[in-house]
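Read the structure below first, then the notes.
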Amino acid sequence: MFLLRPAIGIGKPCLSLALALYKLAAELGGVHGRFLHRIPQIIHHGFIQAIDFNYGYYGLGLPAVAWNAVRFYPNTEVLILAAILACAILAYFFYVVRSSGPNFPRPAVWTRLLGLGLVIYALGYAPFVAYPVLNLTSTDPENRIALAAAVGATISIISLLGLASCLARSYLIRTRIFTVLVAIFALSGFLIVNAIGCFWAAAYQRQNAVIASIRQELPVLPSGSALILDAVCPSIGPAPVFEFDYDLAGALRIDYGNPDLRANVVSPVLKVGEHGLTSVTYGYVDHYSYGSNLIVFNPKDKVIERLTSAEVARRFFRLHDPDFNGRCSPARLSPGIYPFTKNGFVKGVCSSRRRAR
């Protein structure tokens, strides 16, 4: 039972927390009759998300994802740290196994622990069932939901590794198989987190470069000006650069020291109207009237245009960005694309080889 004590110790408070969150959600949201007919949809969507995300891509598929992370974004420093971490994990587990004696849990124990993990996972997801189309992600605000259910998924996956280890007849072989499997999954998580983190560092550097470019080309922005940024990819892998109006506007207000500045980025949701540009973000509509204070800046082509009319705006976008996507690849347009797949690969970032050149 020595291997189960940490999981059981974590499981009890997490189970209590999940129950408390569920009760709070019920108290705040109430129960409405019209909600009942959505229960099959909620169960179906939650099951698909569990298979695809917590138990699939970032669950049992974790070693494969880690392999792609190393293959697509090799980093010597991270690999050295990973090797040190692997040695530490193996040394710790072998020490625990040796000091505890021959007491590897039976399959029935692992099965009960698996059931406990599934219950905790379901309760961790329960407070968010009122929004049945919500998708779990490794980044963005939705990853808070993935965190809530991750404890249950972890307990379940560890239980599956324990059951797989029980296929060996010898106690010594069981413990060694289990130790190596746990080390592989822990190491995989380490590699993936570091790979995801490097995108955020790259996005921060890109933000600084964009702001510096704007400042160089437009040393002064009068109060009430609205800057529309074109030809800058909104994200680098899962990390946002400037995706929405509040991203860019906040950075410009700080840099220029002017709280009256407005800003937005060119994207497929930006529409050219007769009286101005319109953008819709999460249901909020932002309108920018034509005039000398409506400025669009394209750092790729080094073009600055004051949009004084619909004709000027249409001509600018027809010449420089007819698709309203900044000529960006899909991996740089949508943070929702997995960065460790071929379609989500982002070239030229997060690699020590690139820095060495």
Within the stretch 305-323, considering residues that are among the small types (Gly, Ala, Ser) and surrounded by fewer than 19 Cβ atoms within 10 Å (Cβ to Cβ), the one nearest to the chain's Cα centre (by Cα): ALA310
Qualifying residue in the stretch 221-239 (condition: assigned to a loop (DSSP other than H, G, I, E, B), touching a Ser or Thr at 6+ places or on another chain (Cβ under 6 Å) and not aromatic (Phe, Trp, Tyr)): yes
The stretch 155-180 residues that are free of Cβ contacts under 8 Å to residues at least 24 places away in the same chain, paired with ones that are buried (at least 20 other Cβ atoms within 10 Å of the Cβ) (beta carbon under 8 Å, 6 or more apart): ALA168/ARG174; ILE177/SER165
Odd one out for ARG355, checked against (1) modelled with pLDDT under 65; (2) open to solvent by less than 60 Å² (accessible area, probe 1.4 Å): (2)
Selected residue (only one of GLY46, GLY115, GLY124 is assigned to a helix (DSSP H, G or I) and modelled with pLDDT of 80 or more): GLY115
Scope the stretch 99-112; condition in contact with a helix residue (DSSP H, G or I) (Cβ under 9 Å, 6 or more places away or on another chain), open to solvent by 40 Å² or more (accessible area, probe 1.4 Å) and assigned to a helix (DSSP H, G or I); matching residues: PRO107, THR111, ARG112
Residue check, ALA201 within 30 Å of CYS87 (Cβ to Cβ) and out of contact with any helix residue (DSSP H, G or I) (no Cβ under 9 Å at 6 or more places or on another chain): yes
LYS302 being in contact (Cβ under 8 Å) with a residue 60 or more places away in the chain and either more than 23 Å from ARG215 (Cβ to Cβ) or surrounded by fewer than 18 Cβ atoms within 10 Å (Cβ to Cβ) (or both): yes
Long-range neighbours under 8 Å by Cβ, at least six apart or interchain, first residue in contact (Cβ under 8 Å) with a residue 40 or more places away in the chain within the stretch 72-97, second open to solvent by 60 Å² or more (accessible area, probe 1.4 Å): PHE72/PHE345; PRO74/ARG353; LEU90/VAL180
Condition check for ALA168: closer than 30 Å to TYR58 by Cβ, open to solvent by less than 30 Å² (accessible area, probe 1.4 Å) and part of a helix (DSSP H, G or I): no
Test: residue in the stretch 223-239 that is open to solvent by 30 Å² or more (accessible area, probe 1.4 Å) and touching a helix residue (DSSP H, G or I) at 6+ places or on another chain (Cβ under 8 Å): no
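The values are calculated or read from the model by the stated rules, or taken from the named source; none is laboratory data. Predicted, not measured: the structure shown is a model, and the values here were computed from it. Neighbour counts are summed over all protein chains in view; Cβ atoms, including those assigned to glycine, are modelled from backbone coordinates with ideal geometry. All accessible areas refer to the heavy atoms of the entire protein, side chains included, with ligands and DNA or RNA removed. Shrake-Rupley method; radii C 1.70, N 1.55, O 1.52, S 1.80 Å.
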